[in-house]
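Bear in mind these aren't lab numbers, they're just calculated from the coordinates by the rules spelled out. Since we're looking at a predicted model, the values are computed, not measured.
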Amino acid sequence: MMGETVIETGRLIIREFVPEDLEALYRIYESADTRFLQPLSEDREEELEKLKSYIQYVYGFYGFGLWAVCLKETGALIGRCGLQVMFIGDEGEYEMGYMISGAYQGMGYGGEAVRAILEYAGEELEAPRVVLRIDSGNTASLRFAEKLGFHKSDRILENERSTFLYIYEL
């Protein structure tokens, strides 16, 4: 079973996750640099319940979230990318999140997915901007964000002193 397609690009299908994606998600986490990401649970049943809950409540409530990034040609799940609601102080922001499997990095898939989601944020959500939180030690992500046109904010995030805030104005 495939989740609902949200965005189609030249090479990618960006769609909602389904419970059947769980094993592929674990494989992606095993092949990617996940030091800066919240880890998946070691208990697969627990993670499956979290995924089902995410699908029901996050997609159900917001109509968007982190989505499955799949190759159009084969349908293979190669990452996840999307938007979440984040609060900075009492201001709600659209926060971008992304991760591409190590085996598929350096091929432009991440940039293709992020650009498509930025367009979605502007057109579908009428978002004024999208933000990224990036750990100061994550140099690859810092370079990636700048290459895509995100600009570093001077704002210091409370309780996240080692995290930079990047902003993309739509």
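Structure above, values below:
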quantity	calculated
Reach of Lys152 by Cα under 19 Å, taken over aspartates and glutamates that are not fewer than 8 positions away in the same chain	Glu91, Glu93, Glu95, Asp135, Glu160, Glu169
Region 103-126 versus region 1-78: alpha-carbon centroid distance in Å	15 Å
The chain: angle of helix 109-123 to the longest principal axis, Cα-based, in degrees nearest 10	70 degrees
Using alpha-carbon coordinates, inclination of helix 22-31 to the longest axis of the chain, degrees	60 degrees
Crossing angle, helix 44-53 versus the chain [Cα axis fit, 0-90 degrees, rounded to tens]	70 degrees
